[in-house]
Every structure is written in C-alpha cells, then in structure tokens.
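The values are calculated or read from the model by the stated rules, or taken from the named source; none is laboratory data. Since this is a predicted model, take the numbers as computed values, not measurements. With ideal geometry, Cβ positions are generated from the backbone for all residues, glycine too; neighbour counts draw on all protein chains shown.
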C-alpha cells in the first residue's frame, strides 16, 4: 500500500486542481447553468418538488436483485439485497442545483484533488468532504423521506457512513475535439464498450469492492449521447451484468462491499459526473464491515488526512459507545430479572467488539508500513440483538473468516 508521506498528511496539496484548469473546464459549465432560463441557484430542497421517485410504481418496477439470485454469498453482507438498476430519483432542477454547488470555485478547489485511480483519458477529479458547504445537496441526499426510499430498497435502515462520504463526486471531462472524434467513430466505440471488461480496458475506476457496505450512485450528467459510463459487476458464477439505464438524476443502490464492480469509461460525451454516497446500517448493533482499503488518504487523494481520520474515528467511536451502552444495560436488566450471568455470551459480545476496534485501525498507513502489527480480518456478529437465546449463548463463536 502507498506510504504515509508528508504530502498525504498535508492533504495532497500537489494534487489540487490548477486554477487555469478550473477556468477552462469547470467555469464554462457553471456559466452555462447560470444562463439557463429559470435557473435559481438559491432554491431550497423540497422533497415533493425535487424527488421524482414514485413509490406507487417504482418499488416494483425497479425491484432489487438479491445476492442469492447472482450466486453471491459474502460474509460481510449486511442484507440480502445486491443492487438495483438505475431508478428515477431527482428532478432536473435538483440536479442542476447540485451541479451549481460543486462548480463553485472555492468548493471545487478546496475539496477536489486530481484522481489517481482511473484510466479515463481527459481530466479526472474527485471531490469529497464538501457536504457542509453544499446545503441543497446535503438535504437532497439525507432528507428522511429520501432515506426511506433507500431503506426500503436495501431491506434495512441505512445511514450515511460519515459526513465526508456524503455525495462525493467523480468528475471526468474531455476536450470537445476528442468527443467529436468519438461521435464520428461511434461504431468503433460501441464495440469498445461491449468488450470493455479485460484488464486493458478504459475505465473510470477499475474492478474493486467498496470499503463501505452500500453505495448510492447518482448520475449528474446528461447521458443522451453517452456510450458506456455504466456500472458493471461480476456475479458469483463469473457473469458480468451492467447497470446501463442511467439518466440524468437517476440513481442505483449497490451492495458494493460485496460486489466486484467497475465504472466504465464514457464515450461520445464531454462529461461524466456522478455523486456517490457511502451507506452503512443505521442500527449500531448491526454488523458494520466498513474498511479503509479503497478510501484512506494514502490511496485516494481526495481523502484529506486531517479531515478524514477525525471523522472516521468519531463515527467508529460512536458505534463502540452505543454497543457498550447497550451491553451495560443488558447486564443490568438481566441481573434485575434474576438471570444467571452468561459468560460464554459475554465473551462473544466482547470478542466482536474487540474485532471491531481492531478493524478501526488495522488498515492505518502506519500498520501497512509495518510500524505496528496488522491483526487478521475477522467476521462479525450480524446483530447483537440476535445473540441471546441463540447458539452464541452456549458456544463461543469462531470469528475466523
């Protein structure tokens, strides 16, 4: 893994997008928005106005594919849901307002870094940690009624992993001439996209499993002329499936920690801009297999060291505190009820908590560098509420994977 260099600690300042590149590529997009008739950058998020998902029909129409249906049996699965096809979520005005917020010069330059995980031929930028400065986007993603949609699709209550990972942006843009050349050779690029699954293929981000459980992928670009740009994933029996029905404002929900997937390179389109939100189980007693593998600051330039790790620790410590609070209350309640103290059950709880604690730091850069031992990855109890009365009350669990 990449080392913990001073550049990483300082926030990857060498990867800041130069002002001239912002002026040449992003500013024109902002100016185009401001010139759009009726566009109001001061609009506030309104669920009834800005959400186009129709519960009466869309839950059935965009019914999730389940993990067993694609032969995936993963020890870190927090539900049986695998993925959805893209479904209609945000109105045109909502997407335009999100775009307006990220195109602001101070937001773009303060929170973006040149990407390092792509083969996309053009300018690739990733933006994260900006959600505190983009109020419309924050409300559009985290509004309780919006979260209800994700919860029902996922089959359990979700919450965003931490504020830094709400609406992170993958921003790819190409020169106009390159796009014109692609449009003039459309048949070639259709064939390229059809075969875009070998190790030499063009991609926005290569084959990977996300560090977090679920990912909400929202398309913020017009896909009318786009060839490619899909999310592809591998099934347990080796097949490759595509989520290929993205439109502007449409989103897909993917159990991305359990699915090997890839974002394919778009052709015939100047831009591909997506917002990705990392999600986990809301219940602190439910399994949380989140890791740092693909998102830590030494791997992903947009994860700024002194912003990312304090948020990471705040979220992890909150989970630990909630688990300890629940366990303490359980011990007290069991005593009042006159129950025998169950040592085996307690060992399982505390082993699980210990494994979660170690998982919090096992991928720190100093561990990768060998400055501290790296504990083995362990499996977790799916939900602490299910321990009492189960086999885990009578037998110490094997946490080895």
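Read through the list (1) in a loop (DSSP other than H, G, I, E, B); (2) closer than 23 Å to residue 363 by Cα, then give the number of the only condition that residue 323 fails.
So residue 323 meets the others, but not (1).
Within region 57-66, is there a residue that is buried (at least 21 other Cβ atoms within 10 Å of the Cβ), modelled with pLDDT of 95 or more and either assigned to a helix (DSSP H, G or I) or in contact with a strand residue (DSSP E or B) (Cβ under 8 Å, 6 or more places away or on another chain) (or both)? Explain how you work it out, then say what you get.
We begin by selecting, within region 57-66, every residue buried (at least 21 other Cβ atoms within 10 Å of the Cβ); these are 64.
Going one step further and asking which of them are modelled with pLDDT of 95 or more, we end up with 64.
With either assigned to a helix (DSSP H, G or I) or in contact with a strand residue (DSSP E or B) (Cβ under 8 Å, 6 or more places away or on another chain) (or both) added as a condition, the list becomes 64.
Scanning region 57-66, I find at least one residue that is buried (at least 21 other Cβ atoms within 10 Å of the Cβ), modelled with pLDDT of 95 or more and either assigned to a helix (DSSP H, G or I) or in contact with a strand residue (DSSP E or B) (Cβ under 8 Å, 6 or more places away or on another chain) (or both), so the answer is yes.
Among the numbered criteria (1) farther than 19 Å from residue 160 by Cα; (2) touching a residue at least 24 places away in the same chain (Cβ under 8 Å); (3) part of a strand (DSSP E or B), which one does residue 274 miss?
Only one criterion in (1) farther than 19 Å from residue 160 by Cα; (2) touching a residue at least 24 places away in the same chain (Cβ under 8 Å); (3) part of a strand (DSSP E or B) is unmet by residue 274, namely (1).
Quick grid of which residues meet (1) surrounded by fewer than 22 Cβ atoms within 10 Å (Cβ to Cβ); (2) under 13 Å from the mean Cα position of the chain (by Cα):
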position: 206; (1), (2): yes, no
position: 211; (1), (2): no, yes
position: 220; (1), (2): no, no
position: 248; (1), (2): yes, no
position: 264; (1), (2): no, no
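Let me confirm something: among 383, 355, which residue is crowded, with 17+ Cβ neighbours inside 10 Å, out of contact with any helix residue (DSSP H, G or I) (no Cβ under 9 Å at 6 or more places or on another chain) and at pLDDT 95 or above? Even if it seems obvious, please write down each step before you answer.
On the way: 383 fails: crowded, with 17+ Cβ neighbours inside 10 Å.
Just one listed residue meets the conditions, 355.
Quickly run through region 14-31 and pick out the residues that are modelled with pLDDT of 95 or more and either surrounded by fewer than 13 Cβ atoms within 10 Å (Cβ to Cβ) or assigned to a loop (DSSP other than H, G, I, E, B) (or both).
Residue satisfying the conditions is 31 alone.
Having 1 or more residues that are farther than 22 Å from residue 27 by Cβ and touching a residue at least 60 places away in the same chain (Cβ under 8 Å) is the bar; report the strands (runs of 3 or more DSSP E) wholly within region 68-177 that clear it. If you could, list the steps in order and put the result at the bottom.
Working: elements: 81-83, 112-114, 123-127, 158-160, 168-173.
In region 68-177, the matching strands (runs of 3 or more DSSP E) lie at 81-83, 158-160.
Which residues, counting only those in region 358-376, are over 17 Å from residue 296 (Cα atoms) and either surrounded by 14 or more Cβ atoms within 10 Å (Cβ to Cβ) or outside the structural domain of residue 347 (by TED's automatic domain parsing) (or both)?
375
Being within 25 Å of the chain's Cα centre (by Cα) and either more than 15 Å from residue 293 (Cβ to Cβ) or part of a helix (DSSP H, G or I) (or both) is the filter here, so list the residues in region 357-375 that pass it.
The answer is 357, 358, 359, 360, 361, 365, 366, 367, 368.
Return a yes/no flag: does region 316-335 have any residue that is surrounded by 13 or more Cβ atoms within 10 Å (Cβ to Cβ) and under 30 Å from residue 126 (Cα atoms).
Scanning region 316-335, I find at least one residue that is surrounded by 13 or more Cβ atoms within 10 Å (Cβ to Cβ) and under 30 Å from residue 126 (Cα atoms), so the answer is yes.
Would a scan of region 336-348 turn up a residue that is surrounded by 13 or more Cβ atoms within 10 Å (Cβ to Cβ), touching a residue at least 24 places away in the same chain (Cβ under 8 Å) and part of a loop (DSSP other than H, G, I, E, B)?
Yes, the conditions are met somewhere in region 336-348.
Against the conditions (1) buried (at least 20 other Cβ atoms within 10 Å of the Cβ); (2) at pLDDT below 95, where does residue 260 fall short? Just the number, please.
(1)
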